[in-house]
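Following: one structure in structure tokens, then a few remarks.
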Amino acid sequence: MSQRAHERGDALPRLEPRDLEAHLEKLYQRGRKHHLFAFHGTGDASPLSLVGQGTIHVIPVRSELELREKLPPLDDDNERIAFLVPWTHDIPVDIAGRFAQGGRVQRIGKDARLRRLFGVLDLVPEVQHSPLAEYLLQAGSQQTLRVGDAMLTLDAMWSAWLGGQWGVPTRGGLALDTLLGFGALDVRGPQWAAAHEPRGGVHQALLAQLRERLGGAGPLVWEAWVQGRGSAALELAIVLEVLAEEPDETVRYWVRTQISKWLPGLEEATAHEVARALGRAAAGAL
């Protein structure tokens, strides 16, 4: 991101202490004469403790002028500071010689921060483009969301976050019956709605993920929970356990009507498919 992009208000990458520690360790392994560093991004002003190097102070700045104001005195060449700057071009030439890497602004990529956050060695390309990935990196999560694998996939990312952050039972992967039972017992759905606006990117991306993994019944159960009606979705599923396969046209019309209350606009065949899936999940949810 350029200085111009920053001035337009584009989001800066938020760098967490562990992101900086990992990168600084690599820089110090190469040997250092200078102990001032510049990183593209923003974050909290806080000290870092680096093994063998002592304390490194993290100082976010908003402009070149503020950077100059916060430089240590010229005769202090032992002060250790990691400046977080809103531009990507090199440090101005008249002060660049005081910085490590000749004043080059260091960039910690999204993939590196996601690997740290989820404790993985690699990730599939789709992960970086997910609204959830962007949200987690901008939210500044200090928590490591373990996925139990070396590779981070979309499924693993959603499961780790839903389980670690919201307590959704995702061990072994998302399943409709456990999601249905969770929604009936957990009352924090409206809190989700407040944190993730229902028409927002994270919410819509999750609905798409649930639809792909669990079929149309997945978004229905999630939307019910978000609205504080998770128990009503389970009650419907219990009734559908018996009625979803009923051939009588009056019953089939009633089933379509009930599903349409939650998911309007579905074709008849799709509505009955959702109803059958809910009916099959009822026993496991209970």
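The values are calculated or read from the model by the stated rules, or taken from the named source; none is laboratory data. Please read these numbers as outputs of a predicted model, since none were measured by experiment. Note that we place each Cβ from the backbone using ideal geometry, even for glycine, and neighbour counts take in every protein chain shown. Just so you know, the surface numbers come from the protein's heavy atoms only, side chains and all, with ligands and any DNA or RNA stripped out. Shrake-Rupley method; radii C 1.70, N 1.55, O 1.52, S 1.80 Å.
Here each label is just a point 7 Å from Cα along the line to Cβ, and for ALA45 and GLU246 those points are 6.8 nm apart.
Per residue, the stretch 134-236 exposes 45 Å² of solvent-accessible protein surface, assessed with a 1.4 angstrom probe and all protein chains in place.
In this structure the amide hydrogen of THR88, modeled in the peptide plane, comes within under 5 Å of the amide hydrogens of GLN3, none closer than 5 places in sequence on its chain. The modelled label-to-label distance for the pair LEU71/GLN128, using points 7 Å beyond Cα in the direction of Cβ, is 3.3 nm. Computed from Cα positions, the angle between helix 176-185 and the longest principal axis of the chain comes to roughly 80 degrees. For the pair ALA96 and LYS110, label points projected 7 Å from Cα toward Cβ lie 2.9 nm apart.
Using the per-residue mean of other Cβ atoms lying within 10 Å as a proxy for protection, in what order, highest first, do the peptides 234-243, 152-161 fall? Let's see the in-between values first.
Working: 234-243: 19.3, 152-161: 21.2.
The peptides rank, most packed first, as 152-161, 234-243.
Stretching the chain fully between GLU268 and VAL187 yields a gain of 26.0 nm (0.36 nm per residue, less the alpha carbon separation). Straight-line reach from LYS26: taking Cα to Cα under 30 Å and skipping same-chain neighbours fewer than 8 places apart, the lysines in range are LYS70, LYS110. Helix 217-226 and the longest principal axis of the C-alpha atoms of the chain enclose an angle of approximately 70°. With angles folded into 0 to 90 degrees, how steeply does helix 249-262 sit against the dominant principal axis of the chain? Use alpha carbons for both and round to 10. Rounded to the nearest ten degrees, it is 20. With the highest mean first, a sort of the peptides 54-65, 202-213 on other beta-carbon atoms found within 10 angstrom per residue produces 202-213, 54-65.
Sort 217-228, 249-260 for me by packing, meaning the mean count of neighbouring Cβ atoms within 10 Å per residue, highest on top. Could the numbers behind the result be given before it?
Numbers: 217-228: 23.2, 249-260: 15.1.
Descending packing order for the listed peptides: 217-228, 249-260.
The stretch 126-183 and the stretch 43-95 have their alpha-carbon centroids 34 Å apart.
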